[in-house]
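Trainee: Submitted below is the structure of interest, expressed as structure tokens.
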Amino acid sequence: MARASYHEYFTGFTPVPVAEVALAHLRAISTPITGRILKLHKTDC
């Protein structure tokens with residue numbers, strides 16, 4: 001099955017692996033942080 005690629009619609013943003021997004025989501029819903037934007041940074045530089 002082909003993966004959807006939406007990077008072309010978000011010019012200027014670095015693609016982030018879905019596993020990192022999932023971990024950020026779990027962090028957001030399992031801790032009492034509210035009203036914050038979670039920024040994901042490329043970690044395999």
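The values are calculated or read from the model by the stated rules, or taken from the named source; none is laboratory data. Note that the coordinates shown come from a computational prediction; the quantities given were computed from them, not determined experimentally. No Cβ is skipped: glycine too gets one built from the backbone with ideal geometry, and neighbour counts run over all protein chains shown.
Trainee: Looking at region 10-21, I want the residues that are under 12 Å from Lys39 (Cβ atoms) and modelled with pLDDT of 80 or more and have a partner that is exposed (fewer than 10 other Cβ atoms within 10 Å of the Cβ) and not basic (Lys, Arg) with Cβ atoms under 8 Å, at least 6 apart or on another chain. Which pairs are those?
Mentor: These pairs meet every condition: Glu20/Thr43.
Trainee: In the list Thr43, Thr31, which residue meets the criterion of being loosely packed, with under 10 Cβ neighbours inside 10 Å, out of contact with any Leu (no Cβ under 7 Å at 6 or more places or on another chain) and modelled with pLDDT of 75 or more?
Mentor: Step by step, each of Thr43, Thr31 is checked, and only Thr31 is loosely packed, with under 10 Cβ neighbours inside 10 Å, out of contact with any Leu (no Cβ under 7 Å at 6 or more places or on another chain) and modelled with pLDDT of 75 or more.
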